[in-house]
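The values are calculated or read from the model by the stated rules, or taken from the named source; none is laboratory data. What you see is a predicted model; the values in this text were computed from it and never measured. Cβ atoms come from the backbone with ideal geometry, glycine included; neighbour counts cover every protein chain shown. Just so you know, the surface numbers come from the protein's heavy atoms only, side chains and all, with ligands and any DNA or RNA stripped out. Shrake-Rupley method; radii C 1.70, N 1.55, O 1.52, S 1.80 Å.
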Amino acid sequence: MNVLRRPSGLSKFRFYSTQTTRPFVPPASLNHFDFRQRQREKPRPTSPAFYTARPEFYDQLSSLESALQHAKTALTSCHLLPLPQFAREALPPRVNAWVDKRELGLKLRSTLTTSRYRRVVLVLNELETYRAIAEKAGIAELQEGIRGITELFERADAATMLARGKAKPVKFDEYGRSYTLGKRKTSSARVWIVPVQQPPADKSTASQSIPAATETDTALTALLDPISSSKSNEPVSVSQILVNNTPLSTYFPIPADRARVIHPIKLAGLLGAYNIFAIVRGGGTSGQSGAVAHGIAKGLAAHEPAVATILRKAKLLRRDPRMVERKKPGLAKARKRYAWVKR
Amino acid sequence: MLTLSVRCQRVSCQLLASSSTSPLAQTRSYATQPKKGQIVKQASQGFKGKKNTPSGQMEHAKKDKKMMAFQPLPASQLPHPLFESDCPDTLALQSFHPEMLTRVVESQALKFPHNENDPFRIFGLPRNILVEFRLLSKPCSVIRSVTIDAISKLDAASDKNSKESRVVLTGPQGCGKSYLLLQALQYCNARDWLVLYIPRATNLVNSTTAYTYDMRTRTYSQPIFAYQTLQRFLKVNAPRLEQLRTQTEIEIERRPPVPPGTPLVELINIGLKDQGHAPTVLGAVLEEIGKQTIFPVLLAVDDFQALYCKSHYRDQHFSAIKSYHLSMPRLLLEYASGQKSFARGAVFGALSMSNTTFPLPLELREALSLEHDRPYGSYVKRQPELVEYAHGLERLAVPASLSVPEAASVFEVWMKDRAVPSKPNDELFLAKYSEASGNARAFVWKGLLSSMSA
């Protein structure tokens, strides 16, 4: 038996196709057949960026750009784009805090070069501009949609970065005390300010038994006895000021230092309204008094924002930048020169 | 430093009105004009003695100048309209009457009475208060809650032995201890007590008055000071002393003994005739008034802590003489410690915390249970004599800060006297009160009088 011999029935078949065209089959007879798609040897690329060097990157970038395009069309349909110059200027200037190159590379799952990073940031800035326009115009949906995209690329500490250089708002604790810092020369003061609490009226019950005076009565008494009637029975509240746990007059014996500490409270017209406790360290007497005054001014501005403008005009909220000037070589002191000798 | 507004010529008006009896013009020197045959402290003379001036008067003139360092000008020398000499006084105060001193008049200013034999005028005043009274139109003070406390203590003490009422006024500098002592003094004087007031006990121990060693008592006697004290005591309490007589025989050196039944005025005059007898006579007089029960006695001493410090006197070995070895401080210490006492009366002392030459000593600090600012452990030396002299002293703490109504009265007094250079509104009051933290002296001197604001 020759095993290698092909069976006789198969000798007539060739294993390569010699027909170049398919036999014609009418479509009606094909309806009840279920043809399966031929498996391609090579799968179709999922994204059009498949053949680029960084497909993931270009995918992300194209999705961002398509989002930008959608936003642009939406705004154009609302007649918000193109925005005239005066409207552009009216928008608040936005400083953006996007993630850095490395972080963005992790997000986009590909290492970025600087030019690619810049390209992404450009798109993000445009998106942010459109978001600002939408926000200003009041289109909440669009604004939220864009926000959903841009917040993915914002730094975690974006708030802190943007607030750099701006004054932090003063916080109050559960008792309503403010805590502020004041500095002058080499002294620093920590100041706590709390509103003076008026004691509850003890004699409220006694006064209720006396019938309330009518207006004519009070006017008569004011006419007949002006001095005694002008004295009201309300207790006058006084500010207590403690510096390093000693009263102000004990800690600062010089009247000028005391007046410097009181000056912000006096200008604000809040004498008797707040009690002050300060811990001050460093420097000398006048430096310490200046530091306490600075801390008090900041604290009062926090308690009463209306007073902040007055204190700012009086330059009390400003940390006095004057410091001791250094000695220079060739000079006896910072400015003092040695005696000039002719020869 | 001090801005005198219209205040200066107010004082001068008063000076003109009562030039003869006003103490504000007279010399308050503690060494009066030496008479013939009396002990005189030798003034130091230079190599070239001054011509036409007797040696005894040189020191006197110098002291005059010192005491009159601040003296307001009389109105005749201030004709300029700026001084407003013709404007009437706006300060209308009620008089200090003992009957009206109740809680109702708390934080009201009352003026001190103007008498011939007023204890202030005769005994003198502490320096700060003297200057203040020269500035003000009338000597006045504000009645505080602590004044009422002190007065109630005095009322309680009027029937008891002075051993049980030995009170020391304590408090920080400038809180009003000397003023409170003055108010107590005036109250007792008005209530017909016998009063003896030492306004500056530092003058007893700072070697400004003569001292001689006495063999009999083995202490250093201070005859001139004793003489002056007798003189003033007699002048202030003359109507009461006339009613009293001695109860025992009194021995005085170089003289026959004084029999019992002698009027006390006569006994005092023995001391006034001869300065050498003055210390013995003073001791005897105090003992006699201590025995009687008709009038209670008040012994008031300002700068009380000076009695417990080492004096500035030197003995022949140049070591400092202890205060209890001097006759006058010893006498006061004996009454303050209860070793000698008055049958009816009290001993009141006021500390002076501003005096750096006579600071508060440890023994007194412990006796009054005050705060320590120096080492005070068991290895720090305490003098047993001073501990004994400080035993049983009662403390009356004067509050460190004026209350707002009291401060308002003080402000009103100075404002109405037109002594405040700034505009006197409530902002100034609150600002200066806060700056001074309620301290009375800081409020008036460093606050109101020393600063100008628009």
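Going through the cross-link list B:163/B:381; A:185/A:298; A:266/A:336; B:153/B:291, which pairs have a Cα-Cα distance over 29 Å in this structure?
A:266/A:336
Cβ neighbours within 10 Å, averaged per peptide: list B:352-363, B:250-261 in order, most packed at the top.
B:352-363, B:250-261
Mean Kyte-Doolittle of at least 0.0 plus a Cα span of 18 Å or more along the axis: flag which DSSP H helices in chain A meet both, please.
A:285-303
With a point put 7 Å past each Cα toward its Cβ, work out how far residue B:388 is from residue B:316 in nm, to one decimal.
With each label placed 7 Å out from Cα toward Cβ, I get 2.6 nm.
In square angstrom, what is the accessible area per residue of segment B:125-173 with a 1.4 angstrom probe?
So segment B:125-173 comes to 32 Å² accessible per residue, rounded to a whole number.
Given DSSP loops and a limit of at most 11 other Cβ atoms within 10 Å, what is the longest stretch of chain A that contains no such chymotrypsin sites (Phe, Trp or Tyr not before Pro)?
Value returned for the longest uninterrupted segment is A:176-337.
For the protein assembly as shown, give the share of DSSP beta bridges that are antiparallel, in percent and rounded to the nearest 5; count only bridges with both residues there.
The answer is about 55 percent antiparallel.
Order of B:267-278, B:206-217 by packing, highest average Cβ count within 10 Å first?
Taking the mean over residues of other Cβ atoms within 10 Å, the ranking is B:267-278, B:206-217.
What total accessible area, in Å², is buried where chains A and B meet, using a 1.4 Å probe and rounding to the nearest 100?
About 1300 Å² of accessible surface is lost on pairing.
If I model a spin label as a point 7 Å beyond the Cα along the Cα-Cβ vector, how far apart are those points for residue B:128 and residue A:170 in nm?
Output for this residue pair reads 3.5 nm.
Using 0.36 nm per residue of separation minus the Cα-Cα distance, give me the extension gain between residue B:395 and residue B:149 in nm, one decimal.
87.3 nm is the gain from fully extending residue B:395 to residue B:149.
Which residues of segment B:390-439 show a drop of at least 30 Å² in accessible area when all protein chains are present, compared with their chain alone (probe radius 1.4 Å, heavy atoms only, ligands and nucleic acids excluded)?
Buried on complex formation: B:404, B:427, B:430, B:431, B:434, B:435, B:437.
Which peptide among B:178-187, A:88-97, B:111-120 comes first, and what is the full order, when sorted by highest mean count of other Cβ atoms within 10 Å?
Averaged packing, sorted descending, gives the order B:178-187, B:111-120, A:88-97.
Expressed in nm², what is the orientationally averaged projection area of the convex hull enclosing the Cα positions of the protein assembly as shown?
That works out to 83.7 nm².
With a Förster radius of 60 Å, plug the Cβ-Cβ distance of residue B:115 and residue A:277 into 1/(1 + (r/R0)^6) and report the FRET value to the nearest 0.05.
Efficiency, rounded to the nearest 0.05: 0.75.
Would you mind telling me the share, in percent, of accessible area of the protein assembly as shown contributed by carbon and sulfur at probe 1.4 angstrom?
With neighbouring chains kept in place, the figure for the protein assembly as shown is 56 percent.
Starting from the Cα gyration tensor of segment B:308-454, multiply each eigenvalue by 5, take the square root, and state the resulting semi-axes largest first in whole Å.
Taking √(5λ) for each eigenvalue gives 40, 18, 16 Å, largest first.
Could you work out the pair-distance distribution P(r) of segment B:380-454 from its alpha-carbon pairs, with 5 angstrom bin width and percents rounded to whole numbers?
Calculated P(r), rounded to whole percents: 3, 14, 23, 17, 7, 5, 6, 8, 8, 6, 3, 0.
How many Cβ atoms of partner chains, on average, are near each residue of A:254-262 if near means within 10 Å of its Cβ?
Mean partner-chain Cβ count within 10 Å for A:254-262: 4.
Hey, rough spin-label estimate for residue A:161 and residue B:339, points 7 angstrom out along Cα→Cβ, what's it come to in nanometres?
For the pair residue A:161/residue B:339, the computed spacing is 8.6 nm.
Take the Cα coordinates of segment B:150-235, assign each an equal point scatterer, and use the Debye formula without solvent to give log10 I(q)/I(0) at q = 0.17 Å⁻¹.
-0.94
With each run of n ≥ 4 DSSP H residues scored as -39500 (n - 2.57), what mean residue ellipticity at 222 nm is computed for chain A after dividing by its residue count and rounding to the nearest 500 deg cm²/dmol?
Using -39500 (n - 2.57) per qualifying helix, the result is -12500 deg cm²/dmol.
Take every Cα-Cα pair in chain A and report what % of them are more than 40 Å apart.
Across chain A, Cα pairs with separations above 40 Å total 59 percent.
Reported to two decimal places, what Rg/Rh ratio describes segment B:315-363 when computed on Cα atoms with Rh from the Kirkwood expression?
1.04
Which aspartates and glutamates, if any, have their Cα less than 17 Å from the Cα of residue A:107, not counting same-chain residues under 8 positions apart?
Straight-line reach from residue A:107, under 17 Å: A:56, A:59, A:65, A:151, A:154, A:157.
Cα to Cα, under 17 Å, and not fewer than 8 places away if on the same chain: which aspartates and glutamates meet these conditions relative to residue B:322?
Those aspartates and glutamates meeting the cut-off are B:214, B:303, B:334, B:363, B:385, B:388.
On the principal axes of its Cα set, how long, how wide and how thick is segment A:42-102? Give whole Å, largest value first.
55, 32, 12
Per residue, how much accessible area does segment B:201-249 have with a 1.4 Å probe, in Å²?
Heavy-atom SASA per residue in segment B:201-249 reads 45 Å².
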